[in-house]
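Heads up, the thing below is written out as structure tokens.
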Amino acid sequence: MTHGLIRLIEDDAPLLAAQRQGLQMAGFEIEGFADPFEGLAGLTEDWPGVILSDVRMPGMDGITLARRLREIDPDLPVILITGHGDVEMAVGALRDGVYDFLTKPVSRATLEATLHRALAARRLVLENRELRAARDESGQAPDLIGESAAMRHLRDAARHVAASGVNALFLGEAGVGKERLARHIHALSTRRTRPFVSVNCAAISPERFDAEFLGRVGGSGPHMRSFGRIESASRGLLYLNGIEALGPEMQARILEVIETGQLWPVGATSARAVDLWVIAGTRIDLGAEVAAGRFRDDLYYRLSGLSLTLPPLRARREDIGPLFRHFATSAAARRGKTAPPLTEVDQAHLDVHDWPGNLRELEQFAETFCLGLENGPAPETGGDMSLSEMVTRYEAALLRNALRAERGNATAAMARLQLPRKTFYDKLAKHGIRSSDFR
């Protein structure tokens, strides 16, 4: 397995051969071209690699080549190399969207590190495009499936946030889909071709924060640019997952970047401008944390331009069935299979279980269901429910499933459950179920 695909464009044939051999030995897949016009051939917006090109070439220089490449895909990383050390040219190229500009001689370590970063950025762009393409035919994001009042509200709010570009704060239990919603908003926005960068705040180390998240400038030498994760999200969307985990010092550093639109990479002599759009996710009440003095009020107000609470699955049970069918169909399709039929017992489990893990737990259940690893759902322990309460809940789920399967035909549902008419209607009345709701 290679590190990634590099299209190398160099008019000096011996140098092209040497660079190609060196990069192949380093684990990259190389396409070599001595002619820049030939180097443009076959490139499309879904091409998965990175362009590495000389600047001084006959017929078409690297700057012109980069402009032609931007017409094919403005997010295609282009790295230019020159032996002339033209700083003004480098600044202009970077301003025009070139990913990086290196001056000869370039050390092998610097070149390989730059290529790895560029390939990671390319994979991120293509992943975001695939996520947009994964929306179902109705135009609804797969993970926003559901017709509950809560989901209709979330879809409306998502369109508003995507159109306005306002910073937002998402509150909800683990697994309710906070990051999924942020990705959906990014896909709806005008920034959809730019990166979606997700940061797990609990994993941020204070010792590595500056270099990893703000970036680094090497000082002297050929490497002129090193992106941190925050800068990588510029003109895209930065999602801060578990924002409550940030310590006071890191809260202050991120607030400064958001407020000023600038960051200072390690070793930089001047600030870099960033265009940040931030969505943060949390499982706790940040307002209460502010009141208790554990979270900065100024950062809280910066992030909470719009606050949304995502409900747990148990609060929108009508969405569980459609979501499960989507997850099961997707899981089966990945394996070239058809999802197995859902038995009444399986459906009752979907209706009765509280799904404390929310979407993550439901998706995992769908995966194991499609693999045939479920020997029927495990019995519900019910938490604080008594046996009588569990039986009542399970009975109601079976009645609803029978009516759902028979499209509200009460006679067919009675036959399916092998119940006398009076018993059937007594049970419907007991559970407040109306057969007309299933027609």
Next item on the list: Pull up the DSSP beta bridges for the chain and report the antiparallel fraction as a percent, rounded to 5.
Entry: 5
Next item on the list: Obtain the nm distance between the two label points defined at LEU126 and ALA17 by a simple spin-label model: each point lies 7 Å from its Cα along the Cα-to-C-beta direction.
Entry: 3.0
Notebook entry, point to check: What does the highest-first list of 308-314, 285-291 look like by mean Cβ count within 10 Å?
Noted result: 308-314, 285-291
Note to self: Give me the base-10 log of I(q)/I(0) for the range 1-121 at each q in 0.15, 0.16, 0.21 Å⁻¹, Debye formula, one uniform scatterer per Cα, rounded to two decimals.
What the structure shows: -0.60, -0.69, -1.31
Checklist line | Listed residue (ALA348, GLY172, MET57) projecting farthest to the positive dipole end of the chain, Cβ model | finding: ALA348
Check: How far, in nm, would the chain grow between ALA41 and ALA315 when pulled straight, counting 0.36 nm per residue and subtracting the alpha carbon separation?
Finding: 93.3 nm
Check: Near LYS430, which aspartates and glutamates are there with a Cα under 14 Å away, not counting those fewer than 8 places off in the same chain?
Finding: GLU389, GLU395
Margin query: Between ASP96 and LEU5, how high is the FRET efficiency from 1/(1 + (r/R0)^6) when r is the Cβ-Cβ distance and R₀ = 30 Å? Nearest 0.05.
Written below: 0.80
Notebook entry, point to check: In nm, what is the difference between 0.36 nm times the number of residues separating ALA163 and ALA149 and their Cα-Cα distance?
Noted result: 2.9 nm
Next item on the list: Using a 1.4 Å probe and ignoring any ligands, DNA or RNA, find the accessible area of TYR300 and quote it in Å² to the nearest 10.
Entry: 50
Check: So what J values fall out for the range 397-403 if you push phi through Karplus, 6.51 cos²θ - 1.76 cosθ + 1.60 with θ = phi - 60°, rounded to Hz, Gly and Pro as x?
Finding: 5, 5, 5, 5, 5, 5, 5
Next item on the list: Sort out for me the Cα centre separation of the range 1-67 from the range 264-314, rounded to whole Å.
Entry: 41
Next item on the list: At 7 Å along the Cα-to-beta-carbon direction for both GLU361 and ILE433, put a label point, then send me their distance in nm to one decimal.
Entry: 2.3
Margin query: With +1 on the Cβ of every Lys and Arg and -1 on the Cβ of every Asp and Glu, and nothing else charged, how large is the dipole of the chain about its Cα centre, in debye rounded to the nearest 20?
Written below: 1180
Margin query: Under 5 Å between amide hydrogens, which residues at least 5 positions from GLU31 or on another chain qualify, with H placed 1.01 Å from N in the peptide plane?
Written below: ILE6, ARG7, LEU8
Check: Label 7 Å along Cα→Cβ of ALA288; the range 168-194 residues with amide nitrogen under 16 Å?
Finding: 171-174
Next item on the list: Counting only DSSP beta bridges with both residues in the range 194-348, tell me the antiparallel percent, nearest 5.
Entry: 15
Next item on the list: Please list 332-339, 207-214 highest first by mean number of surrounding beta-carbon atoms within 10 Å per residue.
Entry: 207-214, 332-339
Note to self: Output needed for the chain: three equivalent-ellipsoid semi-axes, defined as square roots of 5 times the C-alpha gyration tensor eigenvalues, in descending order, whole Å.
What the structure shows: 53, 27, 17
Next item on the list: Find how much the distance from GLU395 to THR193 grows on full extension, using 0.36 nm per residue of separation minus their present alpha carbon separation; answer in nm with one decimal.
Entry: 67.8 nm
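The values are calculated or read from the model by the stated rules, or taken from the named source; none is laboratory data. In this text the structure is predicted, and so the values were computed from the model without any measurement. Please note: Cβ atoms are built from the backbone with ideal geometry, for glycine as well, and neighbour counts cover all protein chains shown. These area figures cover heavy atoms from the full protein model, side chains too; ligands, DNA and RNA do not enter into them. Shrake-Rupley method; radii C 1.70, N 1.55, O 1.52, S 1.80 Å.
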